[in-house]
Amino acid sequence: METGLLATVFADTQGRERVHHFHSAAHWLAPPLGLPPHAWRIEAQVPSRMLVLSRGQLQDAKELEPRVGDWMLQALMAERQRLTQREHQWLMLSATERYLQVLHEAPSWLDRVPQHRLASYLGLTDVALSRIRRRLKTKH
């Protein structure tokens, strides 16, 4: 990602969609492993620009510059860490706690992501997210 904000969106044959993750500038993005092409897509949340490299181009870059392999390993390790954190959120945090974590870690998403996409990322409906927001406003 060079600029903007993208979402990877999973979809099924019944038309249900869920946001898997949001990707902002300076982040690495790769197709989800093990899923057929029709089961996911990339969706821009704001005007975005990304550099797209094929597997062959990455291999050529590794041969020309050995540090590219190190960079790719670091990117894979960072992605694995992000996925582990995401799994932890799903398993250990309530919906309100997941929303508060987004507020803390990625507050810019609130201005850049449609509410239905943010709700999907959190595993909620629009209505449930609205209730959480309303409940938090009345507490403060």
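Being within 15 Å of residue 8 (Cβ to Cβ) and either surrounded by fewer than 21 Cβ atoms within 10 Å (Cβ to Cβ) or in the same structural domain as residue 18 (by TED's automatic domain parsing) (or both) is the filter here, so list the residues in segment 110-120 that pass it. Walk me through it before giving the result.
Keep residues of segment 110-120 that are within 15 Å of residue 8 (Cβ to Cβ), which gives 113, 117-118, 120.
Of everything in segment 110-120, just one residue is within 15 Å of residue 8 (Cβ to Cβ) and either surrounded by fewer than 21 Cβ atoms within 10 Å (Cβ to Cβ) or in the same structural domain as residue 18 (by TED's automatic domain parsing) (or both), namely 117.
Within segment 60-81, being surrounded by 13 or more Cβ atoms within 10 Å (Cβ to Cβ) and out of contact with any Lys or Arg (no Cβ under 6 Å at 6 or more places or on another chain) holds for 60, 61, 62, 71, 72, 75, 79. Of the residues examined, residue 113 is not one that is among the hydrophobic types (A, V, I, L, M, F, W, C) and either without any contact (Cβ under 8 Å) to a residue 24 or more places away in the chain or more than 26 Å from residue 16 (Cβ to Cβ) (or both).
Against the test of being touching a strand residue (DSSP E or B) at 6+ places or on another chain (Cβ under 9 Å) and without any contact (Cβ under 8 Å) to a residue 24 or more places away in the chain, the options 53, 83 yield a single qualifying residue, 83. Of the helices (runs of 4 or more DSSP H) lying entirely inside segment 28-105, those carrying at least 1 residues that are among the hydroxyl-bearing types (Ser, Thr, Tyr) and over 20 Å from residue 129 (Cβ atoms) are 67-92. If the condition is being within 11 Å of the chain's Cα centre (by Cα) and not small (Gly, Ala, Ser), then segment 19-31 contributes 19, 20, 21, 22, 23, 27, 28, 29.
The values are calculated or read from the model by the stated rules, or taken from the named source; none is laboratory data. Everything quoted here is computed from the prediction, not taken from an experiment. Cβ: placed from backbone, ideal geometry, glycine included. Neighbour counts: every protein chain shown.
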